[in-house]
Every structure is written in C-alpha cells, then in structure tokens.
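Worksheet: the structure to be examined is printed underneath.
The values are calculated or read from the model by the stated rules, or taken from the named source; none is laboratory data. Small disclaimer: the values here were computed from a predicted structure and weren't measured. Methodologically, a virtual Cβ is constructed for each residue, glycine included, from the backbone with ideal geometry; neighbour enumeration extends over all protein chains shown. Please note that ligands, DNA and RNA were not included when accessible areas were found on the heavy atoms of the full protein model with its side chains. Shrake-Rupley method; radii C 1.70, N 1.55, O 1.52, S 1.80 Å.
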Amino acid sequence: MDFHNTPEYKSLRSSVPLRKVVVEGNVEWSYYDAGPKTIHNPLVFLPPVSGTADIYFRQLLSLSATGCRAISVNHPVVWDVPSWCQSFHLFLNSLGIDRVHLFGASLGGFLAQKFAEFSGNGRRVRSLILCNAFNDTDVFDQTSACSSFWAVPAVVLKKLVMGTFETMNMDGSMVAAADFMVQKLDALSQQELASRLTLNCVSCYVEPQNVQVLSSDVTLMSVFDQHALSNSVQNEMSKLYPEAKKALLKTGGNFPYLSRSDEVNLYIQVHLQKYADTVYSATEPRQFLPLPSNPSTSSSKPSTSAAILTDSDSDSDNDVEPSSKTNTPVPASVLERPVTSKQQSQVLLEQGLLEDSLPAEQELQMSPMHETAAAVTAAAAGADDL
C-alpha cells in the first residue's frame, strides 16, 4: 500500500490547501486547516521529527466530516524549546484561536506539554492527547551531540532518524506507514531536520507542577508492540498524569495514526466528547431542525412542542422511540395524557394528529386500569339509552 495513492490522501491535497503564515522573528508556519472556521478551540496536530503536516490526513478528513475543526502544522526552523513555544503562541494568535486541544506524537507530544507549561495561568491548552510521547529528552542520550546538528549533513541526520524505524514483525499497514514516513523524512531540508532533532535531543524536561492542564484532561495513547520508546518511558508518563485516560492499541508501531487510523480517530472523538456543547468544544454545536407550523392550531392558541434533532444527533437520544422522531410537532398537551375516550380520539382525528385506522402493530395497548374505565363508560352509555 502506498499512502500517497490512497483516495483519502488525494482528497486532502485536492480539497484542503496548505497555508503559510509568517510570525514575528520571520518564522514561517505551514499548516492544513480542515473543518468549520467558526470554531475557536480547534484540535491541533503536532508531528514527530520525521513527519510533515499531511501525515495526519486520515484524522483531518475523518474529524472535519463530523464538524470538528482540525489543524495540522509543520514545525518551523527554531533551535530551542522556548522559542518554539513563543512562535506557536504567535501562530495561534494569527489565526484568532483562543484555546486549543493538542494532539502530539513523539516530539509533537513533548512540545505540546511544554507549550501547556509555557501558557501558564492563561490555560490556552484545554486538553492533551499524547501519542507515544515522552517527558524528558534524556531518553535519547544525544544531549552532547545535539549542539552540532546544525552542521551535520542531511544524509547523516536521516540515517540517525531511520535507525528508530522497525519493520520486523509488522503487518502490511504498519510497513506502509513506515515507508510513508521515510518519504516525508526525505522531503525535509537539512535545516528543518537539524532543528527538529535539536528540539528532540536538547537537555529539557517537562515540569509537571507548571503544566496547567488537569490529568483528567489528558489522554495517553500508546501501543503494546514494537515502537521507538521503551516501556519505562510510558510508565513515567503515567506517573506524570495519574488521572489521565489510557488509549491502548494492541498493535500500531511508531505511527498508529496511519496504520490504525480508525482506532485512533475513535479515541480522539471519545476524548473530545467531554467538551461537546461547551465553550471549549472543538466541534460545531448540534443543529436543530425548525418545527413546521400547524395551521389547525395556530389560530386558536400556541402549542409547545419539543425540538426535533437532526440525524447526526439521533444516536444520542436513546430514550426516544424511532417512531416518535418525526417532523410533525405534537402539542405538549397531547403528549402528557393517554387517549382514553372516543371524545379525545375524535378531537385528535379532527386535528389530523391521529390516523383513522392504525396497523395492528401500532395499536395502543390498554392497561387494566384503562379497560376498567372503558367498561364503566360503556355501562354509562347503555344506561343513557335505556
């Protein structure tokens, strides 16, 4: 499988433009912005060292189709973590974004945590999804060498990164994901790759007391099979965020957002569901269909009726029977009482709210109390005839 030739990737490249913005310091950010632009709390994707903004094409297309605003960025050429955080802050300002939900993989996950730390009491980061992420760059043991990455040829740097790509004991989708990432790695310039490796290896760690994001607003996504980070790194992340939700994948390798995109997208939607219909929502609010007017009742007195949800919201209304989800508004006065007499039935027939004859499976089942009431009514009618 070649991800470049998939309909999804071609759809992203043809329908979502790659935009660029230059912020203070002549730092250029390039990004894809999919979904409604009216959302000011989007989900922003941060790639790993070897990735570019389009590696999240499966997430951008899937989430934007559900009304979520999803943005994927390319890391600019900066050489230290504070500079990256300041530049990312300016980038968000340029797009008019208030708060963000961040999805970061590997280096992207580390920088997402550092930006949450950088934001401080501003709480600009509302939540975090950390995929195969780390909290301390010392795990790579390249601190002493990173200061000279800027002068190392691109070929040497690419070999250094590709040494972490495992292809043994992997299925076809995982191998295709690794090949796709190798092609993205080849597309990076020497300066882009050197700056990313410097950010990845310079001596730096996350200070949890300064991360202004609650553990309950963090999802830790990891895989059980082979990947670049050790199990000890995952354990450290769990200790850092003790109340975080765990999104565990049996397989997926280093790039589960490519090889296991359906599972990853589902975990992302579950994570964002907490913020739906709040000021921090990354998706559009649920839409309601306008209720049609009822000519037969509008002249007498106004009737109160419940809003009808669109098809996209029907799954959340588990307590409503399918037969009641129609476009015909039913007056609240009718909903509040059962049909127990011929006189009430006649009124409903005149208003067009009850059919003359119903199929057998839709006939109202009368309770014993109603049967007793019906018998009393029939006896009274018989007495009148006498």
Of the candidates 283, 278, the one satisfying the condition of being surrounded by 16 or more Cβ atoms within 10 Å (Cβ to Cβ) and either modelled with pLDDT under 90 or among the acidic types (Asp, Glu) (or both) is 283
Return the residue satisfying two criteria in turn: it lies in region 15-29 and is open to solvent by 100 Å² or more (accessible area, probe 1.4 Å) and out of contact with any strand residue (DSSP E or B) (no Cβ under 8 Å at 6 or more places or on another chain), and of such residues it is farthest from residue 91 (Cα to Cα).
26
Selected residue [under 18 Å from residue 77 (Cα atoms) and either in contact with a strand residue (DSSP E or B) (Cβ under 7 Å, 6 or more places away or on another chain) or open to solvent by 10 Å² or more (accessible area, probe 1.4 Å) (or both)] from 190, 209
190
If you take just the helices (runs of 4 or more DSSP H) that sit entirely in region 53-164, which of them hold at least 2 residues that are of a type in the set (Lys, Arg)?
154-162
Which residues, taken from region 91-101, are closer than 22 Å to residue 17 by Cβ and crowded, with 16+ Cβ neighbours inside 10 Å?
91, 92, 95, 97, 100
Identify the residue in region 195-205 that is surrounded by fewer than 22 Cβ atoms within 10 Å (Cβ to Cβ) and among the hydrophobic types (A, V, I, L, M, F, W, C) and, among all such residues, is nearest to residue 74 (Cα to Cα).
202
Return the residues of region 35-61 that are among the β-branched types (Val, Ile, Thr), under 14 Å from the mean Cα position of the chain (by Cα) and surrounded by fewer than 21 Cβ atoms within 10 Å (Cβ to Cβ); say none if nothing qualifies.
39
Any residue that is farther than 18 Å from residue 106 by Cα, in contact (Cβ under 8 Å) with a residue 40 or more places away in the chain and either out of contact with any helix residue (DSSP H, G or I) (no Cβ under 9 Å at 6 or more places or on another chain) or open to solvent by less than 10 Å² (accessible area, probe 1.4 Å) (or both) - is there at least one of those in region 221-238?
no
With respect to residue 87, is the statement that it is under 18 Å from residue 192 (Cα atoms), touching a Leu at 6+ places or on another chain (Cβ under 9 Å) and surrounded by fewer than 24 Cβ atoms within 10 Å (Cβ to Cβ) true?
no
Complete set of residues in region 197-231 that are more than 19 Å from residue 116 (Cα to Cα) and under 28 Å from the mean Cα position of the chain (by Cα)
222, 223, 224, 225, 226, 227, 228, 229, 230, 231
